[in-house]
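Below: one structure, written as structure tokens.
The values are calculated or read from the model by the stated rules, or taken from the named source; none is laboratory data. Remember, predicted model here, so these are calculated numbers, not experimental data. Glycine gets a Cβ as well: all are built from the backbone with ideal geometry, and neighbour counts include every protein chain shown. Protein only, heavy atoms only, side chains kept; ligands, DNA and RNA dropped before computing areas. Shrake-Rupley method; radii C 1.70, N 1.55, O 1.52, S 1.80 Å.
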Amino acid sequence: MGEKTMYDTIFSRSFSRSDQKKLGYGAFLGCLLITLSFCLVFRPYSGSLSVRFNFVTKRMKLVCNSEKRSDFCEINGGDIRIDAKSSTVFISVSSQESILEENSSRVIRPYTRKEDEYAMSTVRKWSVKPVVDSNATPQCNQNHSVPAILFSLGGYSGNNYHDFTDIIIPLYSTARLFDGEVKFLITNRNPWWINKFQILVQKLSNYEVIDIDNEENIHCFTSVIVGLKRSPQELSIDPSKSPYSMKDFRKFLRSAYSLNKATAIKMEDDRKTRPRLLIVSRNRTRTFTNTDEIARMARNLSYEVVVAEADMNVQRFAEIVNSCDVMMGVHGAGLTNMVYLPENAILIQIIPIGGVDWPARAAFEEPSNDMNLRYLDYKIKKEESSLIQQYPPEHEALNNPSSIWKQGWLAFKAVYLDKQDVNLDVNRFRLTLLRALELLHQ
């Protein structure tokens with residue numbers, strides 16, 4: 001997940017008042033006007049999460065935001081030309097507006113995990129550059145009448161968790177306002193990613209995506225957003241900065257995939273129907289080694305049990321998840337599919353040993369609140385981990401996870417995420433499933 005970072009930028013200026021009497025009232029006003037001019041160019045933001053740069057003219061408005069997880073620029077009005085060869089978004093301005101030209105150029109990597117240098121190393125850089133002489137810029141040969149959003153499919157795309165938290169949810173937040181009348185310019189294009197999420201892409205845009213990296217044409221627009229708007233929290237939308245919420249996003253998903261179940265079962269309302277429990281299976285790491293035993297115990301508690309693993313067929317798995325009232329799985333990307341659960345459903349996260357508590361909380365527990373889901377977790381004991389078969393009883397991996405953490409993310413991942421499977425103590429875990437039944441009666 002990466003460590004939490006804060007980016008604070010504070011612009012400040014101070015002026016001596018001792019000279020004001022000497023300068024006289026007129027000089028004081030002059031200083032005041034100069035100060036005001038500086039404030040218009042360098043707009044101060046004392047907040048710790050974002051810095052904004054404004055460049056406003058009569059014909060064009062450029063607003064660039066540097067926030068905790070992403071940088072993005074919004075350009076409205078004027079002549080905007082996108083040249084893939086130079087990775088540049090040119091904005092034509094008049095000579096009277098050129099005073100701000102040097103200060104307003106920006107470099108954007110349009111992916112929403114900017115604090116993670118490893119992820120960002122695969123993301124193409126784009127320059128947003130106001131220019132005075134439009135004749136010195138590449139000439140338009142493909143004009144567009146609708147706005148555009150330029151974003152990257154680099155970074156950690158391909159991991160279902162990051163597909164949603166880094167791309168799909170930010171794309172929804174950025175594009176939904178256009179009601180389909182917007183074109184997507186994709187850099188670091190992944191054809192299979194677009195195919196996998198084709199339904200969502202087509203629901204957000206009425207047009208074919210443009211693989212901007214391979215375009216010979218100069219694409220021209222009057223409105224462009226470079227980068228995506230993203231909440232600092234995982235799998236979330238900040239309602240204070242967006243007209244939309246995670247509730248809206250989940251309604252959007254249900255509409256896109258024609259998911260029929262809006263609300264989880266309430267047991268007292270329907271005594272004949274058994275609640276459906278989905279056990280999310282995994283075939284490589286953090287697998288359940290006693291799935292059949294777990295399913296048998298759950299059926300004895302009156303659950304209708306479904307065992308399934310997510311794959312490239314998003315429609316199929318979304319329908320399975322949406323049909324269930326309770327979903328359980330070991331901490332990992334598969335739990336991201338909770339976005340398809342009906343309202344008031346229950347998510348049960350199985351937390352492996354190894355100090356996984358903080359990533360588990362940030363990745364799934366906290367986001368579940370905004371999704372109107374009930375959350376339970378089950379922390380396994382050493383006896384339920386396959387690591388006891390790989391390490392002697394006194395090994396630090398079993399007794400001192402912090403020593404592994406100190407070796408870095410890759411060491412932690414190799415031990416606790418890549419090598420660990422789970423053999424649930426069904427008698428102990430039974431209490432968690434009983435608690436889930438209690439919640440479904442409320």
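Any residue in the stretch 355-370 that is more than 18 Å from T165 (Cα to Cα), in contact (Cβ under 8 Å) with a residue 40 or more places away in the chain and not basic (K, R)? Walk me through how you get there before you give the answer.
Initial filter on the stretch 355-370 (more than 18 Å from T165 (Cα to Cα)): 355-357.
The next check asks that each one be in contact (Cβ under 8 Å) with a residue 40 or more places away in the chain; those that pass are 355-356.
If we keep only those that are not basic (K, R) as well, we get 355-356.
Checked against the condition, which is being more than 18 Å from T165 (Cα to Cα), in contact (Cβ under 8 Å) with a residue 40 or more places away in the chain and not basic (K, R), the stretch 355-370 yields at least one hit.
Can you pull out every residue in the stretch 132-162 that is assigned to a helix (DSSP H, G or I), modelled with pLDDT of 95 or more and among the hydroxyl-bearing types (S, T, Y)? Even if it seems obvious, please write down each step before you answer.
Filtering the stretch 132-162 for residues assigned to a helix (DSSP H, G or I) gives 134-136, 160-162.
Those still in the list that are modelled with pLDDT of 95 or more too: 160-162.
The one that is assigned to a helix (DSSP H, G or I), modelled with pLDDT of 95 or more and among the hydroxyl-bearing types (S, T, Y): Y161.
Kindly check whether there is at least one residue in the stretch 315-322 that is open to solvent by 20 Å² or more (accessible area, probe 1.4 Å), under 15 Å from A264 (Cα atoms), modelled with pLDDT of 95 or more and assigned to a helix (DSSP H, G or I). Outline the logic, then answer.
Let us first name the residues in the stretch 315-322 that are open to solvent by 20 Å² or more (accessible area, probe 1.4 Å), namely 315-316, 319-320.
Still in the running and under 15 Å from A264 (Cα atoms): 319-320.
Those left that are additionally modelled with pLDDT of 95 or more: 319-320.
Going one step further and asking which of them are assigned to a helix (DSSP H, G or I), we end up with 319-320.
Yes, the conditions are met somewhere in the stretch 315-322.
Let me spell it out: the conditions are (1) surrounded by 14 or more Cβ atoms within 10 Å (Cβ to Cβ); (2) modelled with pLDDT of 95 or more; (3) farther than 26 Å from V339 by Cα, and E383 meets all of them except one. Which number is the exception?
(1)
Any idea which of N195, N188 is open to solvent by 30 Å² or more (accessible area, probe 1.4 Å) and touching a Leu at 6+ places or on another chain (Cβ under 9 Å)? Can you show your working first?
On the way: N195 fails: touching a Leu at 6+ places or on another chain (Cβ under 9 Å).
Only one candidate passes the filter, namely N188.
Would you pick out the residues in the stretch 338-358 that are part of a helix (DSSP H, G or I) and open to solvent by 10 Å² or more (accessible area, probe 1.4 Å)?
Here is the first cut: in the stretch 338-358, the ones part of a helix (DSSP H, G or I) are 338-340, 357-358.
Of everything in the stretch 338-358, those that are part of a helix (DSSP H, G or I) and open to solvent by 10 Å² or more (accessible area, probe 1.4 Å) turn out to be D357, W358.
Looking at the stretch 431-442, I want the residues that are within 14 Å of N344 (Cα to Cα) and have a partner that is outside any helix (DSSP H, G or I) and open to solvent by 50 Å² or more (accessible area, probe 1.4 Å) with Cβ atoms under 7 Å, at least 6 apart or on another chain. Which pairs are those?
L439/R374; L440/K266
So is L171 closer than 21 Å to Y257 by Cβ, of a type outside the set (S, T, N, Q), at pLDDT 95 or above and crowded, with 21+ Cβ neighbours inside 10 Å or not?
Working: closer than 21 Å to Y257 by Cβ: yes; of a type outside the set (S, T, N, Q): yes; at pLDDT 95 or above: yes; crowded, with 21+ Cβ neighbours inside 10 Å: yes.
Considered against the rule, which asks whether it is closer than 21 Å to Y257 by Cβ, of a type outside the set (S, T, N, Q), at pLDDT 95 or above and crowded, with 21+ Cβ neighbours inside 10 Å, L171 comes out as yes.
Considering only residues of the stretch 89-105 that are out of contact with any Gly (no Cβ under 8 Å at 6 or more places or on another chain) and open to solvent by less than 10 Å² (accessible area, probe 1.4 Å), which is modelled with the lowest pLDDT? Explain how you work it out, then say what you get.
Here is the first cut: in the stretch 89-105, the residues out of contact with any Gly (no Cβ under 8 Å at 6 or more places or on another chain) are 89-90, 94-105.
Going one step further and asking which of them are open to solvent by less than 10 Å² (accessible area, probe 1.4 Å), we end up with 89, 104.
Details: V89: 97, S104: 69.
The residue in question is S104.
Filter the stretch 248-277 for residues that are farther than 30 Å from D179 by Cβ and either within 25 Å of the chain's Cα centre (by Cα) or open to solvent by 20 Å² or more (accessible area, probe 1.4 Å) (or both) and give the result.
Of everything in the stretch 248-277, those that are farther than 30 Å from D179 by Cβ and either within 25 Å of the chain's Cα centre (by Cα) or open to solvent by 20 Å² or more (accessible area, probe 1.4 Å) (or both) turn out to be I265, K266, M267, E268, D269, D270, R271, K272, T273, R274, R276.
Which is open to solvent by 80 Å² or more (accessible area, probe 1.4 Å), at pLDDT 95 or above and out of contact with any Lys or Arg (no Cβ under 7 Å at 6 or more places or on another chain), of N423, N369?
Values: N423 fails: open to solvent by 80 Å² or more (accessible area, probe 1.4 Å).
It is N369.
Yes/no per residue for (1) open to solvent by 20 Å² or more (accessible area, probe 1.4 Å); (2) in contact with a helix residue (DSSP H, G or I) (Cβ under 6 Å, 6 or more places away or on another chain); (3) assigned to a strand (DSSP E or B):
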residue	(1), (2), (3)
V107	yes, no, yes
R113	no, yes, no
A119	no, no, no
R124	yes, no, no
V128	no, no, yes
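When you scan the stretch 377-392, how many residues do you find that are of a type in the set (A, V, I, L, M, F, W, C), touching a residue at least 24 places away in the same chain (Cβ under 8 Å) and not in a loop (DSSP other than H, G, I, E, B)?
Looking only at the stretch 377-392, we keep the residues that are of a type in the set (A, V, I, L, M, F, W, C), and these are 380, 387-388.
Add one more test, that the residue is touching a residue at least 24 places away in the same chain (Cβ under 8 Å), and what stays is 380, 387.
Those still in the list that are not in a loop (DSSP other than H, G, I, E, B) too: 387.
Going through the stretch 377-392 one residue at a time, the tally reaches 1.
Name the single residue, out of those in the stretch 130-140 being open to solvent by less than 60 Å² (accessible area, probe 1.4 Å) and touching a residue at least 60 places away in the same chain (Cβ under 8 Å), that is farthest from S173 (Cα to Cα). Please lay out each step first, then the result.
The first filter runs over the stretch 130-140 and keeps only residues open to solvent by less than 60 Å² (accessible area, probe 1.4 Å), leaving 130-132, 134, 137-138, 140.
Next, from what is left, pick out any that are touching a residue at least 60 places away in the same chain (Cβ under 8 Å): 130, 138, 140.
Details: P130: 26, P138: 32, C140: 29 Å.
Only one residue fits best here, namely P138.
Could you please find all residues in the stretch 288-313 being in contact with a Ser or Thr (Cβ under 7 Å, 6 or more places away or on another chain), open to solvent by less than 40 Å² (accessible area, probe 1.4 Å) and not in a strand (DSSP E or B)?
T291
Checking N160 against (1) at positive phi; (2) open to solvent by 10 Å² or more (accessible area, probe 1.4 Å); (3) not charged (D, E, K, R), which single condition isn't satisfied?
(1)
I'm trying to understand the selection: among the residues of the stretch 201-247, which are hydroxyl-bearing (S, T, Y), crowded, with 16+ Cβ neighbours inside 10 Å and over 28 Å from Q315 (Cβ atoms)?
Within the stretch 201-247, the first condition is being hydroxyl-bearing (S, T, Y), and the residues that meet it are 205, 207, 222-223, 231, 236, 240, 242, 244-245.
Next cut, crowded, with 16+ Cβ neighbours inside 10 Å only: 205, 222-223, 231, 236, 242, 244-245.
If the condition is that a residue be hydroxyl-bearing (S, T, Y), crowded, with 16+ Cβ neighbours inside 10 Å and over 28 Å from Q315 (Cβ atoms), then T222, S223 are the ones that fit.
Going by the structure shown, is N143 surrounded by fewer than 23 Cβ atoms within 10 Å (Cβ to Cβ) and either out of contact with any strand residue (DSSP E or B) (no Cβ under 8 Å at 6 or more places or on another chain) or free of Cβ contacts under 8 Å to residues at least 40 places away in the same chain (or both)? Give the derivation first.
Working: surrounded by fewer than 23 Cβ atoms within 10 Å (Cβ to Cβ): yes; either out of contact with any strand residue (DSSP E or B) (no Cβ under 8 Å at 6 or more places or on another chain) or free of Cβ contacts under 8 Å to residues at least 40 places away in the same chain (or both): no.
Criteria not met by N143.
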